[in-house]
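Each reported figure results from applying straightforward, stated rules to the coordinates on display, with no laboratory input. The structure presented is a predicted model; accordingly, all values stated were derived computationally and were not measured. Positions of Cβ are backbone-derived with ideal geometry, glycine not excepted, and every protein chain shown enters the neighbour counts.
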Amino acid sequence: PVVIPGGFSPNNDGINDLFTVQNKISKRISLEVYNRWGNLVYQSADYKNDWDGRCTEGVFKGEYVPSGTYYYIILIEDQDKFAGYLTINR
C-alpha cells in the first residue's frame, strides 16, 4: 500500500520534481529528511507530497539542498515506520 521512491529530480522540468510517497490508504504521513552528516533538512508532520528539495530546517532554510544522497524517516499514522535513503539528482 505504501510506495516510497528511491529519489527524485527537482529541476523544474515538470517530471519527477517532487518527492511523492504513494499512500493508497490515505493515512497521515510524517516525513523527516536528513543529509549525510545527520542534519535535519526537511520536516513535515502531515506530509502532502510537496517536498521540492528545499530546506525547512537549519541555516540553509528556504534554499535547495545539493544533489546527493539523503536519509528519510517516514511514520504513517504513528504506527508504521520506514527508514531508508533517496537520491536527489538535478
Magnitude of the Cβ-charge dipole (Lys and Arg +1, Asp and Glu -1) of the chain about the Cα centre, nearest 20 debye, reported as 120
Cross-link partners of Lys81 among aspartates and glutamates (Cα-Cα below 14 Å; sequence separation of 8 or more within a chain)
Glu32
Here the net charge surrounding Ile76, from other residues whose Cβ is less than 11 Å away from its Cβ (Lys, Arg +1; Asp, Glu -1), is 0
Where does the chain land on Rg/Rh, using Cα atoms and the Kirkwood Rh?
0.94
Spin-label pair Phe82/Arg54, simplified geometry with 7 Å Cα→Cβ offset, distance in nm:
2.5
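Tell me, what is the FRET efficiency for Ser67 and Lys27 to the nearest 0.05, using R0 = 22 angstrom and their Cβ-Cβ distance as r? Numbers along the way, then the final one.
Values: r = 31 Å, r/R0 = 1.39.
Computed FRET efficiency for Ser67 and Lys27: 0.10.
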Per 5 Å bin from zero, what fraction in whole % of the C-alpha pairs of region 4-56 is there, up to the bin with the longest pair?
4, 18, 28, 25, 18, 6, 1
Please list 10-18, 64-72 highest first by mean number of surrounding beta-carbon atoms within 10 Å per residue.
64-72, 10-18
Applying a 10 Å radius around every beta-carbon, put 81-87, 57-63 in order of their mean neighbour count, most first.
81-87, 57-63
